[in-house]
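Data block below; observations after.
Read the figures in this text as sums done on the coordinates, not as results from a lab. What you see is a predicted model, and the numbers here were worked out from it, not measured in a lab. Cβ: placed from backbone, ideal geometry, glycine included. Neighbour counts: every protein chain shown.
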Amino acid sequence: MLFRGTTQTSCGQGQAAMGPFYCPADQKVYINLGFYEILKNRLGAPGEFAQAYVISHEVGHHVQNLLGISAKMDQMRGRVSRVEYNALSVRLELQADCFAGVWAHNADNSRHILEGGDVESAMNAAAKIGDDALQRASGGAVVPESFTHGTSAQRQRWFNAGLKNGGIRVCDTFSAKNL
Ligand SMILES: [Zn+2]
């Protein structure tokens, strides 16, 4: 679902302003088009494939929902400390990045969608929306305990892992020793 400004979702209205997200309650991906402008103009990640990466990351959350991974995460909420929950959130988000790479691999295999520069523009977007990059861009200090999505390097690494392999078995970020 594409929108500008705000929109009504089964996950409430407030989230709409926060950029792209997946709402498990209505199983829809919400893409705020204003975020694409920010991505391109303010964060320096232009390109159609940067946008495709954002969509496929959100669809990755839908896959996690179908696989029951999101439900396991919800069970942990309130049972672990904020810092521990953030660490789990990073693993969840990096897995969605990996799933995005798996999509790109298979879409290219079946329909040859990748053009020159596409992978680079997705990798660049992954870097620009890493928690460390975003914290630096907003002029704040980089606080690893507050990370919820992973660093630029981690987001690139997991997108690339899915892209290279094309199967979701390489996306087990929850068992990975090193992210
Ligand atoms: Zn996400």
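Quick one: if you stick a label point 7 Å off each Cα along the C-beta vector at Ala71 and Arg111, how many nm between them?
3.0 nm
Which value, in debye to the nearest 20, describes the size of the charge dipole of region 53-160 about its Cα centre when Lys and Arg Cβ atoms bear +1, Asp and Glu Cβ atoms bear -1, and nothing else is charged? Don't jump to the answer; show the numbers that get you there.
Numbers: 10 positive and 12 negative charges, 71 e Å.
Using Cβ point charges on Lys, Arg, Asp and Glu, region 53-160 gives about 340 debye.
Considering only the other residues whose Cβ falls under 10 Å of the Cβ of Ser146, what net charge follows from Lys and Arg at +1 and Asp and Glu at -1?
-1
Each label point is 7 Å from the Cα along the Cα-to-Cβ direction; what then is the distance between the points at Tyr85 and Leu179, in nm?
Simple spin-label model gives 1.6 nm for this pair.
Could you tell me whether region 47-171 comes out rounded, prolate or oblate from its Cα gyration tensor? Rule is a ≥ b ≥ c as square roots of the eigenvalues, rounded for a/c under 1.5, then prolate if a/b exceeds b/c, otherwise oblate.
Here region 47-171 falls in the oblate category.
Taking the chain as a Gaussian network, where each spring joins two C-alpha atoms under 10 Å apart, which residue of Ala122, Ala45, Ala87 fluctuates the most?
Ala87
How long is the gain from Ser138 to Arg4 if the chain were fully straight, where each residue apart is worth 0.36 nm and the alpha carbon distance is subtracted?
46.0 nm
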